[in-house]
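Reviewing the structure listed below.
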Amino acid sequence: MEQTKTSYTTCPYNCWPINCGLQVVTHNDGRIEISGNPHHDFSRGRLCVKGQSCFEIVKNKDRLTTPLKRNQKSGTFQEISWDQALDEIAAKITLNINNGRREATALYHSHGNIVQRVNWKILTPRFANLLGITLWDGNFPCWYDVGVAQQLTGYWGLHDPGPTCEKTAALINWAQDPCASQANLTPYILQVRRDNHKVITIDPRVTQTAAISDIHIKPRFGTDVWLANAIAHILITEGDYDKEYVNKHCHGFEEYRQHIKSYPPDQAAQICDIPLKEIENLAEIFAHSKPLCINLTRGALGKHLNGIQMVRAILCLIPLSGNIGVEGGGAIWGESIEFNDALCAEDKRPAAPYPVNNFTAIDQALDDGTVNSLIVVGGNPLSQWPNLPKLRRQLEKLDLVVVYDIFMNHTAREAADIVLPATSWLEELGFRTSNRRIYIMEKILDPSAQCREAGAWMNDLAQRVGVNDYFPWPDKQKCLDDCLQSTACKNATVEKLRQHPEGIAADIPNVPYSDHVFASPTKKFELYSTTAAEFGIPPLPSYAPPLESLADTPELAKKYPLQLISARRNTHFHSFHDSHQVIKTLRTLEPEPTLFMHPKDAAARRLKDGDYAVMFNHRGQGRIRIEITTEVPPRHVSLNDSWPELNEVTATYAPCPTGVTAKYGVGGQPAYQNVLVEVQGDNQ
Amino acid sequence: MKQHFFVFDPSLCFGCQGCVAACINVNHIKGDQQWRKVFKLPPHHGNHDTMYLSMACNHCENPPCVQACPANAMQVRQADGIVILDQDRCLGCRYCQMACPFDAIVWMEDTKTVGKCNMCCERLDKGQEPACVETCFSGALQFVTLETDEEKDDWLKEIIGFDHDKEAKPRLRFVKDLKNNPSEQKK
């Protein structure tokens, strides 16, 4: 009988907060079969369309297999050796250091690197700290301003979706579409409904999650502060709030109460463009459905000019309705499992004026030449950063652009001088943290061709720059075991993880904030944020109009009368795998950028379903295919964030002050969602 | 006779395409050779915007593909009525494709044969569900085995966008008691 070996790992995509489990069967002829890990505590053997397609990654004909260097004359790439590539990169880093400009080399690592948690949290920061170079992190486009809002209140939504959904009486998906972005949450959402509890989705679009919710509220784009504050207005006016909790554990209730008076529900109904009854019903749910949880898992709200305030306004409803420190209540964001952070060697980081990881600072550093070299590790700025026409000009000015990835991507193709081939997730040993557990990511295959792990080439590069203690471990397993030496991970070692395909529970509290001590200067939940006041951010959750919107910038809306929403579908994860075009299953399902448009807007532009058109504004343009649907409201269009065409038109403006990022390490998400565009068909 | 049905609740499907990819993964076919597809249904009543239908071979009671095949590559499994394609016998004449009322048979360019859903019969024999059903997050796509020739009366044979073929008698059913948005039922 044929011998097979079964190993366990996790899905190579990087959804948040849960990563599904994979089971990999290796046959003795080398074939592998990938399916869901039935032992996984959360995903229980199920995989979404991306997870089911990941068998296409490892042996893919489009994989990068060797280091490449661009011939500056012809513009084409030529194969070079790792030695030559690392020598050239080291020479540039050394030159910058010798010129007293160590910050001029920037390393940007993003979701491709976050897949291996230890790379993201330890090995890459360690590299940047020991060498003394600028470090930017791909979390800034994704969710950073949502993080700022949580930091300013002192309350992080550390609830895990699975157990919270199992115990909640009402689940509110506020500007979240988990059925699209985290489809494995669907059974848990439906469980809430089966238990006769309510699922509410708040979104101007008919999202996939809205389609399976009990209640769908469609506030006008960007008016979430009004909606949240009007709910608070009703709760406080009616006395339907948790007075004891607020008095004991919240800071600034009196200021908040006064402030909320200027958000009366009838005016909110007008501004949000929804019936007053819907706001009253929502307030009723907040008052009487106990426990109640709000899903805030991703960064959609942070992509608004006023995103920090939106999220804070929503978070304030949680203590007000008495939903902190209770199972099934609170905000679902995802737990935080810390590793042995001392290994990041932050104390050894040489002092220098490093531009912080906030898009305002990044944009400026690229503009004024503070940064002259960019090393991209598992990221794709020329698809996922805003205002690509501007970014293209900025990257052209740089002395050196290096891209390390498993496939070509927009940044590598258009801007890289050197491209380095990456290992896939099956070719390196690691672990993953997800749903309060730590899971093994077994090394199942030897690296393809000349592909190398990030930690391995970083070690060789560090030595070339004179840093000899970057990777002091005899092998990867010892390194991982050392990284697991933390309070949360103390029960895990690589060997133990191998024996537990169901994962090992991290040592973190079952119910976050059950001690009611918050991470704020007052140690209370700050309805009035003392830190916000310090940074010139409104200390109470306040409405401000979007950067560009139909109602608030009417002159601009005359020229560009469509509000562009960036969205997510199941078939892509950001721009992974060259915007999923190298994965045939996914490419077949989503082969080109598709702009979803309301029938009225399509008719006004004489566009038919399936027509090609150009979407444009004063910043740039992108070619898209039109799909006509009532899922977007009139005068709104939506495009999946996988596609660079989206960011040809987005703005670089990031509202969060850089001082906040310097202090908290989060903040600086560009206002991707606040964009007006016009669309013109090919035949016009 | 024992009979298997794909039973679908269109009110629960949100078009995630997980079933499509699970089928590709388990059957080791190419990403553009979809044996199962997710279709958008035509506009329905009410305010629910897009409705989907996930469909593969419907394993008809009187399968036209079996009658059309000159090579006996398409056969009905006697024990449970699954329409099984033996690709080794397929001549690549594509008559079955023309005969199928549901466009459920796919041309496989690499093997120069046709291909289609065999209801994961090898998995069924091991006591597992078809891969598409197992991976369905919402439970929209279900797999039900009846031990008799009789039909359940809480199923529908057709919905807006899918007409039951009275001659072929496809074994695809729709739940009458929709779990979500009951207004969407065919009126």
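The values are calculated or read from the model by the stated rules, or taken from the named source; none is laboratory data. Just so you know, these numbers come straight off a predicted model, no measurement behind them. Every residue, glycine among them, receives a Cβ derived from its backbone with ideal geometry; neighbour counts consider all protein chains shown.
Which ones in segment A:47-77 are assigned to a loop (DSSP other than H, G, I, E, B) and either within 14 Å of chain B (Cβ to nearest Cβ) or among the small types (G, A, S) (or both)? Listed by number, the residues that qualify are A:L47, A:C48, A:I57, A:V58, A:K59, A:N60, A:K61, A:D62, A:S74, A:G75. Of the helices (runs of 4 or more DSSP H) lying entirely inside segment A:119-178, those containing at least 3 residues that are among the polar types (S, T, N, Q) and touching a residue at least 60 places away in the same chain (Cβ under 8 Å) span A:139-153. Taken as a whole, the condition of being touching a His at 6+ places or on another chain (Cβ under 9 Å) and either within 15 Å of A:L527 (Cα to Cα) or touching a residue at least 12 places away in the same chain (Cβ under 8 Å) (or both) applies to A:D240.
Only one entry in B:C16, B:C57 is modelled with pLDDT of 95 or more, within 14 Å of chain A (Cβ to nearest Cβ), buried (at least 21 other Cβ atoms within 10 Å of the Cβ) and part of a loop (DSSP other than H, G, I, E, B), namely B:C16. Against the test of being crowded, with 24+ Cβ neighbours inside 10 Å and touching a strand residue (DSSP E or B) at 6+ places or on another chain (Cβ under 8 Å), the options A:V649, A:V660, A:V614 yield a single qualifying residue, A:V649.
Checking A:C272, A:C250 one by one, the residue that is touching a strand residue (DSSP E or B) at 6+ places or on another chain (Cβ under 8 Å) and surrounded by 21 or more Cβ atoms within 10 Å (Cβ to Cβ) is A:C250 and no other.
The set of residues from segment A:179-203 being closer than 23 Å to A:L47 by Cβ, more than 19 Å from the chain's Cα centre (by Cα) and part of a loop (DSSP other than H, G, I, E, B) is empty. Inspect segment A:155-165 for any residue being within 14 Å of chain B (Cβ to nearest Cβ) and surrounded by fewer than 24 Cβ atoms within 10 Å (Cβ to Cβ) and give the result as yes or no. So far as segment A:155-165 goes, yes, one or more of its residues are within 14 Å of chain B (Cβ to nearest Cβ) and surrounded by fewer than 24 Cβ atoms within 10 Å (Cβ to Cβ).
Table: residues versus (1) at pLDDT 95 or above; (2) in contact with an Asp or Glu (Cβ under 9 Å, 6 or more places away or on another chain); (3) closer than 21 Å to A:F518 by Cα; (4) of a type outside the set (D, E, K, R).
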residue	(1), (2), (3), (4)
A:V206	no, yes, no, yes
A:K218	yes, yes, no, no
A:Y241	yes, no, yes, yes
A:N247	yes, no, yes, yes
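Has segment B:36-54 got any residue that is in contact (Cβ under 8 Å) with a residue 40 or more places away in the chain, away from chain A (no Cβ under 14 Å) and surrounded by 17 or more Cβ atoms within 10 Å (Cβ to Cβ)? So far as segment B:36-54 goes, yes, one or more of its residues are in contact (Cβ under 8 Å) with a residue 40 or more places away in the chain, away from chain A (no Cβ under 14 Å) and surrounded by 17 or more Cβ atoms within 10 Å (Cβ to Cβ). Mind checking which residues of segment A:174-227 are within 21 Å of A:D273 (Cα to Cα), charged (D, E, K, R) and either more than 13 Å from chain B (Cβ to nearest Cβ) or touching a Cys at 6+ places or on another chain (Cβ under 8 Å) (or both)? A:R220, A:D224, listed by residue number.
Number of residues in segment A:16-42 that are within 12 Å of chain B (Cβ to nearest Cβ), within 25 Å of A:G378 (Cα to Cα) and not in a strand (DSSP E or B): the value is 1.
Among the criteria (1) modelled with pLDDT of 95 or more; (2) more than 20 Å from B:H28 (Cβ to Cβ); (3) within 17 Å of the chain's Cα centre (by Cα), the one B:R94 does not fulfil is (3). Could you say whether any residue in segment A:133-148 is among the small types (G, A, S) and surrounded by 24 or more Cβ atoms within 10 Å (Cβ to Cβ)? Yes, segment A:133-148 has at least one match. Residues that are within 30 Å of A:Y543 (Cα to Cα) and more than 14 Å from every other protein chain (Cβ to nearest Cβ) number at least 1 in the following helices (runs of 4 or more DSSP H) confined to segment A:565-684: A:599-604, A:644-647, A:658-664. When segment A:370-393 is filtered for residues that are more than 24 Å from the chain's Cα centre (by Cα) and outside any loop (DSSP other than H, G, I, E, B), the ones remaining, listed by number, are A:S373, A:R393. The condition of being more than 23 Å from the chain's Cα centre (by Cα) and at positive phi holds for only one of A:R619, A:R635, A:R623, that being A:R635. Residue count for segment A:12-26 under the criterion of being within 20 Å of B:N27 (Cβ to Cβ) and either modelled with pLDDT under 95 or buried (at least 23 other Cβ atoms within 10 Å of the Cβ) (or both): the result is 1.
Being among the hydroxyl-bearing types (S, T, Y) and within 14 Å of chain B (Cβ to nearest Cβ) is a property that A:S81 lacks.
Looking only at residues of segment B:135-156 that are buried (at least 16 other Cβ atoms within 10 Å of the Cβ) and away from chain A (no Cβ under 14 Å), we find that the one that is nearest to A:R44 (Cα to Cα) is B:F143.
Considering every residue within segment B:90-104, establish whether at least one is more than 9 Å from every other protein chain (Cβ to nearest Cβ) and closer than 27 Å to B:G127 by Cα. Yes, segment B:90-104 contains at least one residue that is more than 9 Å from every other protein chain (Cβ to nearest Cβ) and closer than 27 Å to B:G127 by Cα.
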